[in-house]
Amino acid sequence: MSGHTELDGHALKSLINAAILWFENHIEDLNAIDVYPVPSGNAGTRIYLTLKAGYKEMNSRTITSAGEVAQFFAHGTLLGARGHQGVPFSQWFRGFARELSQKNKINANDFANALAEAADCTHRTEIKPIVGQMWTVAMDVAEAAKRAAAEKADISYVLEKSVAEAKHSVNRTPQLIPVLKDVGVVHSGGLALYFLLDGMNRCLKGEINENTQLGKDDKNNEFSFIVNISATRFESLLESTQSTEEWETVVDFRPKVELDLQAIYERLENIGTSIQIREGDGVYRIHIHLLKKDRYEPIKLAQELGTVEKVYMKDLLDQKDYDL
């Protein structure tokens, strides 16, 4: 791409596609450090599946404006969000798209504003936000992007500064979440956001594009801690969660009554952990980890509140998926 003062819909689509390609090359790195909030070892895979759902929706449409590109991609990620790792990214893209919804082309200030709204949207939907998770990195990135846009009307400059801040913020996550420091890794969700922004940045710099053939050695190697956690250590972490986190249940429902999200969260706390409640296009998603015997309780709760549209379950102990 030449000239980065503006991006039209075609350019933004290419940017997103290249970022997903770059992200795909780091899936196993993310899986290897996925220990929080539960050591499931599949953060990279879950986030990638979420991104691919957005990719499919966006690339199946004939669209020209940047706003439409962002909207369709966000809609796809919302419908295809997987697990407690993928759901926050669907909210991040939702905020990103909301800011750009009326834009035919976007400039540096628009891009920075979109990053800010993405961070705010991710944070707002955390009922009990824990500092050090992906939304923390997103907030730091947004502040850096706003400063950069005020300094220079160049999207590539905004992205360059955003990536630099993302790296710094990701490196701080072990100081904010004790288990990460104990194991010696950073937060997988925060690092995933870094890889996405890094992919966009590399695309604007002309290093990669959506058709680049990447090999196993074509990676960002700036994070020296990315190594497979020993099997013994991983098993130890897994055992520490098995008493309360045997299954994952995800329920999408359309409410028929006014929702008290705090009250819903408190009910879910009585049966499980890793709880998330997110909304998009009028559909709410409940995500929770819980004992096998309680795996249908979130479905019953959703039925009390509205019409269930989709249910997804995963046996966390043997990693089998169940779509109902």
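What the table below lists for this structure:
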{"read-out": "Near pairs, Cβ below 6 angstrom, 6+ apart or cross-chain, from segment 281-308 (over 12 Å from K256 (Cβ atoms) and not assigned by TED's automatic domain parsing to the domain that holds R46) to any residue that is aromatic (F, W, Y) and modelled with pLDDT of 90 or more", "value": "none"}
{"read-out": "Long-range neighbours under 6 Å by Cβ, at least six apart or interchain, first residue in contact (Cβ under 8 Å) with a residue 12 or more places away in the chain within segment 4-16, second polar (S, T, N, Q)", "value": "H4/S156; E6/N107; G9/T64; G9/S65"}
{"read-out": "Of residues in segment 250-272 being touching a helix residue (DSSP H, G or I) at 6+ places or on another chain (Cβ under 8 Å) and touching a residue at least 60 places away in the same chain (Cβ under 8 Å), the one nearest to G86 (Cα to Cα)", "value": "V250"}
{"read-out": "Any hit, segment 59-70, residues being over 23 Å from Y284 (Cα atoms), in a helix (DSSP H, G or I) and among the hydroxyl-bearing types (S, T, Y)", "value": "no"}
{"read-out": "Residue satisfying all of: in segment 208-232; at pLDDT below 75 and among the hydroxyl-bearing types (S, T, Y); nearest to R172 (Cα to Cα) among these", "value": "S224"}
{"read-out": "Segment 262-308: number of residues that are polar (S, T, N, Q), in contact with a strand residue (DSSP E or B) (Cβ under 9 Å, 6 or more places away or on another chain) and not in a helix (DSSP H, G or I)", "value": "4"}
{"read-out": "Which numbered condition V251 misses (of (1) at pLDDT below 90; (2) crowded, with 19+ Cβ neighbours inside 10 Å)", "value": "(1)"}
{"read-out": "Evaluation of I127 against (1) of a type in the set (A, V, I, L, M); (2) part of a helix (DSSP H, G or I); (3) more than 13 Å from the chain's Cα centre (by Cα) (one fails), failing number", "value": "(2)"}
{"read-out": "Meets criteria (in a helix (DSSP H, G or I) and under 28 Å from D217 (Cβ atoms)) for R94", "value": "no"}
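The values are calculated or read from the model by the stated rules, or taken from the named source; none is laboratory data. Because the structure is a prediction, the values reported are computed rather than measured. All Cβ positions, glycine included, derive from the backbone under ideal geometry; neighbour counts span all protein chains shown.
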